[in-house]
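The values are calculated or read from the model by the stated rules, or taken from the named source; none is laboratory data. Quick caveat, the model's predicted, so the values are computed rather than measured. Cβ coordinates were reconstructed from backbone atoms using ideal geometry, including for glycine residues, and neighbour counts include every protein chain displayed. Keep in mind that these areas ignore ligands, DNA and RNA; they rest on the heavy atoms of the full protein, side chains included. Shrake-Rupley method; radii C 1.70, N 1.55, O 1.52, S 1.80 Å.
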Amino acid sequence: MTLEQHISQVLKERYDLEVSVELQETRKEFDGDHTLVVFPFLRAAKGKPEEVASTIGQDLKDRGAIKEFNVVKGFLNMVMDQNVFTDEFKAFCESNNLGLPAAGSKGKYIVEYSSPNTNKPLHLGHIRNNLLGSSVAKILETNGVDVTKVQIINDRGIHICKSMLAWQEHGNGETPESTGLKGDHLVGKYYVKFDQVYKAEIKTLIDGGMDEEQAKKQAPSLVKAQEMLLKWEQGDSATISLWETMNGWVYEGFNTTYEKLGVSFDKNYYESQTYVLGKDDVLKGLEQGIFYQKEDGSVWIDLEGEGLDHKLVLRKDGTSVYMTQDIGTAIQRFKDFEAKGMTYVVGNEQDYHFKVLFIILKKLGYEWANSLHHLSYGMVDLPSGKMKSREGTVVDADDLIDSMVADAGAISKELGKIEGMDEAEQQALFHTLGLGALKYFILKVDPKKRMLFNPAESIDFTGNTGPFIQYTYARIQSLQRKGPEGLSFDWNTLATNSEELTLMKAILAYPSTVAQAAEALSPAVLANYTYDLVKKYNGFYQNNSILNAESDERIAFRLLLSKKVGEVIASSMNCLGIQVPNRM
RNA sequence: GGCCGCGUAGCUCAACUGGAUAGAGUACUUGACUACGAAUCAAGCGGUUGAAGGUUCGAAUCCUUCCGCGGUCACCA
C-alpha cells in the first residue's frame with residue numbers, strides 16, 4: 001500500500017473524510033521525506049493544526065506506514081524507513097529501462113513543427129520552434145507514445161513569387177554553385193532584393209503624386225509578382241520550372257540546417273499539394289448548415305456562440321484561405337496516421353487561428369478534434385525588441401549554430417583537456433558542446449513564455465547550461481573507465497548517507513518527471529529536473545570519494561549510483577536532443 | 001479601441017499548479033585543485049513578486065481596478 005493510500009484510510013477512519021491525498025517533498029530545511037499539509041482537513045477534524053497533524057502522524061506510525069514524524073504548524077513531515085528507498089532503487093537498477101514505459105505502449109500521436117516558408121533561411125525563431133517540436137516528440141516517445149513528426153512546407157503563394165521574380169530580374173543566373181551560397185540564403189537574398197526594389201518603386205510613385213495606398217498596390221514589382229502567382233496557378237511550365245529550381249535550392253539548404261540541428265521529420269506536407277484540401281469538407285459542412293453563405297458567394301462560420309466572431313472559410317471566388325487548408329490538412333493527417341491526437345507547435349501569434357480551427361473541426365463532428373492541441377510558444381525577443389527580417393535584425397540559424405560550435409572549440413582548446421583527440425573527434429565534440437549549450441539555453445525556458453536572446457552576450461558554458469550537464473556526464477564516464485571491475489555489495493546491509501539518499505530519490509523521480517514533461521509538453525520540466533539532479537550529484541562527488549571509498553562495497557555502490565545518474569542524464573538529454581560526450 | 005497573453009534579485013530563468021523563511025545561474029566579493037576531471041564545489045551580497053484593493057488558515061499563483069510590454073482583430077499565411 002502506498003503512503004497516500006495509508007493516509008486516505010486514516011482520514012476516513014478518524015474523520016470520515018474522503019479526499020484525494022497529495023503529498024509534497026519535505027523541504028530540505030525540515031526533517032522528513034514527505035509532507036502532508038493538514039489545513040484542508042481542519043474543518044472536518046475540528047481541531048488545531050498541530051493536534052490534527054500529530055494525530056494523523058501517530059496513526060500512520062502505529063500502522064507502520066512511516067518510521068517517524070514531526071509537526072511544524074500545519075505541516076506533517078514524515079520520515080520513511082530508508083529501506084523503502086533502497087528497495088525502490090534496487091528495483092530501478094534491475095529493471096534496466098530507467099523505469100520508463102515500453103516503446104509504443106501508449107498509442108499514436110502526431111507532432112507538427114517547423115512549417116517554414118521557402119523564401120528565406122531559418123532564423124532563431126525557427127530554432128526555438130524546431131527544438132521544441134523535436135524535443136516534445138522525443139519526450140512523448142520516451143514516455144511510450146508512438147510519434148509521427150510532420151511539417152507543412154509553405155512552398156507557394158505571393159511571397160514565394162516575390163523572390164522568384166527578383167531572382168529572374170536581378171539574379172544574373174546566380175546559383176548556389178556559382179555563388180557558394182547555401183540555397184536558402186541565396187533565395188532569401190532575392191526576397192530581400194524584392195522588398196528593396198518594391199519600396200523604391202513606391203517612393204517613386206508617391207513622389208509622382210500618387211497616394212500611398214495606391215502606390216503600394218500599383219508598384220510594378222508587386223503587379224508582376226501577382227501575375228507570376230496567377231501563371232503558377234495556371235501551371236505555366238516556365239514558371240513552374242523556376243519555382244521547382246528555386247525551391248530545390250531552399251530544400252537543400254534547409255536539410256543542411258536540420259541536420260546540424262539534429263531534427264528530422266517522418267512526413268512532409270507541401271502546401272502546393274494541400275492548399276486545395278478542405279474545400280470539399282467546407283462545402284459538405286455548408287450543406288449540413290455548419291457554415292453559411294453570403295450573397296456574394298463567400299462562405300463563413302458564425303462563432304458568436306463561442307464568444308468569437310464570424311470567420312471566412314471560402315472566398316467569394318470559391319478559393320481557399322489558410323483556415324480552409326488547415327481544416328483539410330488535419331482531416332488528411334488523421335486519415336494518413338490514425339492517431340489519437342495531434343499537437344501543432346506554432347507561435348502564440350496564432351492563438352486565435354487555432355482556437356477557431358479546433359472549434360470548426362469539432363463542429364464538423366470529428367472525434368479526434370477533442371485531442372488537438374496548440375503548443376503555443378512565446379516569441380524570441382532581441383534586446384532591441386522583436387526580430388524583423390525586413391529590418392535585418394534577424395539572428396540567422398546557420399550563423400548562430402556555427403558561432404556556438406566555434407565558441408565551444410575555443411573554450412575546449414583553452415582548457416586543454418582534449419589532447420590525444422584527433423581532428424575529427426574534436427570537431428564532433430565541439431558540435432556536441434556548442435549545440436548542447438544552444439539547445440539547453442532555449443529549452444530550459446517554459447515554452448509558453450517569451451524569451452530574450454542577446455546576441456552580444458554569447459551563450460554561457462558554465463552554470464545552468466548544457467555543457468555543465470555534459471561535463472558531469474563526462475566525469476562520470478571517466479569514473480566508470482577508471483573504476484575497478486568485479487566489485488559488488490549487498491543491498492540488504494547497505495546503509496546510505498544523506499547525499500546518497502538524496503541522489504537515489506532524485507534518480508527515482510525520473511520516470512514521473514518524463515510523464516510530467518509529456519503531459520505538459522514541456523522540455524523545460526526535464527531540463528530543470530536534470531539540472532537539479534546534476535547539482536546534487538556534483539555536491540555528492542565533491543564530498544564523497546568514490547574510487548577511494550572506505551570499503552570495496554562502498555566503491556561498488558557509489559559506482560552504480562554514478563552510473564545510474566549518467567544513464568538518467570543521457571536519457572533526459574536525449575529527450576532534449578542533446579548529446580553527451582565521454583570526455584570533454 | 002475589443003479580445004488574448006505576460007510583468008519575480010542588476011541581467012537570464014525557477015517555484016511540484018493555493019502551502020512553510022520566493023529559489024538557481026550570471027555578475028560582484030571570498031575560500032577550496034600533488035583525492036576519483038576546478039566547464040567543479042563552498043560561502044557572502046542581492047526581493048514591497050509592476051501598483052492598489054479583495055477572497056482565506058495561507059497568494060508570485062485566484063478575483064477586481066490601474067500602469068507597462070507584446071500579440072491579434074485581412075476575401076494574407
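Remarks
- Residue within segment A:2-23 that is farther than 30 Å from A:Leu503 by Cα, open to solvent by less than 90 Å² (accessible area, probe 1.4 Å) and among the polar types (S, T, N, Q) present: yes
- Residues of segment A:238-263 that are within 19 Å of the chain's Cα centre (by Cα) and open to solvent by 60 Å² or more (accessible area, probe 1.4 Å): A:Glu259 alone.
- Against the conditions (1) open to solvent by 40 Å² or more (accessible area, probe 1.4 Å); (2) out of contact with any Phe, Trp or Tyr (no Cβ under 7 Å at 6 or more places or on another chain); (3) of a type outside the set (S, T, N, Q); (4) within 16 Å of RNA strand B (Cβ to nearest atom), A:Lys162 satisfies every one except (2).
- If you filter segment A:443-462 down to residues that are more than 30 Å from A:Glu519 (Cβ to Cβ) and more than 7 Å from RNA strand B (Cβ to nearest atom), you find that the one that is surrounded by the most Cβ atoms within 10 Å (Cβ to Cβ) is A:Pro455.
- Selection of segment A:556-584 for residues being more than 13 Å from RNA strand B (Cβ to nearest atom), outside any helix (DSSP H, G or I) and either touching a Pro at 6+ places or on another chain (Cβ under 8 Å) or without any contact (Cβ under 8 Å) to a residue 12 or more places away in the chain (or both) yields only A:Leu576.
- Residues in segment A:355-368 include at least one that is open to solvent by 80 Å² or more (accessible area, probe 1.4 Å) and more than 21 Å from A:Glu287 (Cβ to Cβ).
- Taking segment A:550-583 as the range and being aliphatic (A, V, I, L, M) and either more than 33 Å from the chain's Cα centre (by Cα) or closer than 26 Å to A:Gly409 by Cα (or both) as the test, the residues that pass are A:Ile555, A:Ala556, A:Ile569, A:Ala570, A:Met573, A:Leu576, A:Ile578, A:Val580.
Yes/no matrix, rows are residues, columns are (1) within 13 Å of RNA strand B (Cβ to nearest atom); (2) acidic (Asp, Glu):
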position: A:Glu4; (1), (2): yes, yes
position: A:Arg14; (1), (2): no, no
position: A:Ser20; (1), (2): yes, no
position: A:Gly32; (1), (2): yes, no
position: A:Pro40; (1), (2): yes, no
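- All positions within segment A:36-60 that are part of a helix (DSSP H, G or I) and closer than 12 Å to A:Asn77 by Cα: A:Glu50, A:Ala53, A:Ser54, A:Ile56, A:Gly57, A:Gln58, A:Leu60
- If only residues of segment A:532-555 that are surrounded by fewer than 18 Cβ atoms within 10 Å (Cβ to Cβ) and of a type in the set (Lys, Arg) are counted, the one that is farthest from RNA strand B (Cβ to nearest atom) is A:Lys536.
- Which listed residue is charged (D, E, K, R) and under 23 Å from A:Lys106 (Cβ atoms), from A:Glu391, A:Glu349, A:Glu338: A:Glu338
- Count of segment A:562-581 residues, restricted to those that are closer than 29 Å to A:Leu494 by Cβ and touching a Phe, Trp or Tyr at 6+ places or on another chain (Cβ under 8 Å), is 11.
- Of all residues in segment A:45-60, those that are free of Cβ contacts under 8 Å to residues at least 40 places away in the same chain, open to solvent by less than 40 Å² (accessible area, probe 1.4 Å) and touching a Leu at 6+ places or on another chain (Cβ under 9 Å) total 5.
- Matching residues in segment A:99-113 - criterion: being buried (at least 16 other Cβ atoms within 10 Å of the Cβ) and on the phi > 0 side of the Ramachandran plot: A:Gly99
- Residue match in segment A:280-299 (condition: within 16 Å of RNA strand B (Cβ to nearest atom), open to solvent by 30 Å² or more (accessible area, probe 1.4 Å), touching a residue at least 40 places away in the same chain (Cβ under 8 Å) and out of contact with any Asp or Glu (no Cβ under 7 Å at 6 or more places or on another chain)): no
- Note on segment A:281-386: enclosed strands (runs of 3 or more DSSP E) holding 2 or more residues that are out of contact with any Ser or Thr (no Cβ under 8 Å at 6 or more places or on another chain) and farther than 24 Å from A:Leu132 by Cβ are A:299-302, A:310-314.
- Search result, residues across segment A:369-400 that are open to solvent by 60 Å² or more (accessible area, probe 1.4 Å), away from RNA strand B (no atom under 12 Å from the Cβ) and touching a Leu at 6+ places or on another chain (Cβ under 8 Å): A:His373
- Some residue of segment A:509-531 being away from RNA strand B (no atom under 13 Å from the Cβ), under 17 Å from A:Ala137 (Cβ atoms) and either surrounded by fewer than 21 Cβ atoms within 10 Å (Cβ to Cβ) or of a type outside the set (Asp, Glu) (or both): yes
- Any chance A:Val313 is within 30 Å of A:Leu433 (Cα to Cα), out of contact with any Leu (no Cβ under 6 Å at 6 or more places or on another chain) and among the β-branched types (Val, Ile, Thr): no
- Residue count, segment A:463-502 (criterion: surrounded by fewer than 18 Cβ atoms within 10 Å (Cβ to Cβ), part of a loop (DSSP other than H, G, I, E, B) and near RNA strand B (Cβ under 10 Å from one of its atoms)): 3
- Candidates A:Leu438, A:Leu429, filtered to the one that is over 21 Å from A:Asn348 (Cα atoms), more than 12 Å from RNA strand B (Cβ to nearest atom) and surrounded by 11 or more Cβ atoms within 10 Å (Cβ to Cβ): A:Leu438
- In the set (1) open to solvent by less than 50 Å² (accessible area, probe 1.4 Å); (2) over 30 Å from A:Tyr109 (Cα atoms), A:Lys189 fails one condition alone, (1).
Table: residues versus (1) more than 16 Å from RNA strand B (Cβ to nearest atom); (2) open to solvent by 50 Å² or more (accessible area, probe 1.4 Å).
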| residue | (1), (2) |
| --- | --- |
| A:Ala65 | yes, no |
| A:Lys73 | no, yes |
| A:Glu94 | yes, yes |
| A:Asn97 | yes, yes |
| A:Ser115 | no, no |
| A:Ile127 | no, no |
| A:Asn130 | yes, no |
| A:Val136 | no, no |
| A:Thr142 | yes, no |
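- Only one of the listed residues (A:Glu169, A:Glu174) is open to solvent by less than 50 Å² (accessible area, probe 1.4 Å), over 32 Å from the mean Cα position of the chain (by Cα) and away from RNA strand B (no atom under 16 Å from the Cβ). That residue is A:Glu174.
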